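No value in this document is a laboratory result; all are computed from the given coordinates. Every value quoted in this text rests on a predicted model; they were computed, and no experiment measured them. Heads up, the Cβs are rebuilt from the backbone with ideal geometry, glycines too, and the neighbour counts pull from every protein chain shown.
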């Protein structure tokens with residue numbers, strides 16, 4: 001089984017379409033549906049692909065803005081094929097409504113992957129994950145959440161990523 005879609009309610013569809021549309025198209029997603037209040041992108045043939053929906057829903061509670069620091073979804077993580085591609089996206093992100101979240105991080109993934117974090121104008125965060133230092137992608141359940149996290153947020157495996165200028169995180 002796989003995830004069918006993830007839907008984000010946004011306060012400004014046009015602003016979100018600018019940032020999310022750029023990022024998703026760069027990641028290989030294509031717009032498959034446009035409707036009055038939203039857009040749908042998919043990353044494949046539509047049968048087993050995952051969709052990302054952004055919607056400025058008329059049912060949204062006025063004045064209630066998203067915060068990744070409240071209970072709920074914190075971020076969406078995307079895997080990238082190369083560190084160079086990750087660095088290219090980070091370098092272009094500010095031109096499309098994203099900012100980088102800087103600082104060191106102790107990441108719970110094994111293999112010391114190159115990681116960057118971006119945040120859009122509405123506080124939605126994406127994590128971009130490149131290959132690990134040895135060029136291997138993090139793909140197995142064993143790689144996710146391995147180790148224990150201490151009071152400072154560090155894992156017992158201490159997988160702090162330091163291989164690239166794109167490596168960011170920290171006080172996110």
*Taking neighbour counts of Cβ atoms within 10 Å as a proxy for exposure, in what order, fewest first, do 132, 94 appear?*
94, 132
*At 7 Å along the Cα-to-beta-carbon direction for both residue 84 and residue 48, put a label point, then send me their distance in nm to one decimal.*
3.0
*May I ask you to sort 114, 83, 100 by Cβ crowding, counting other Cβ atoms within 10 Å and putting the fewest first?*
100, 83, 114
*Can you check what the Kirkwood hydrodynamic radius comes to for the range 1-76, Cα pairs only, in Å to one decimal?*
13.2
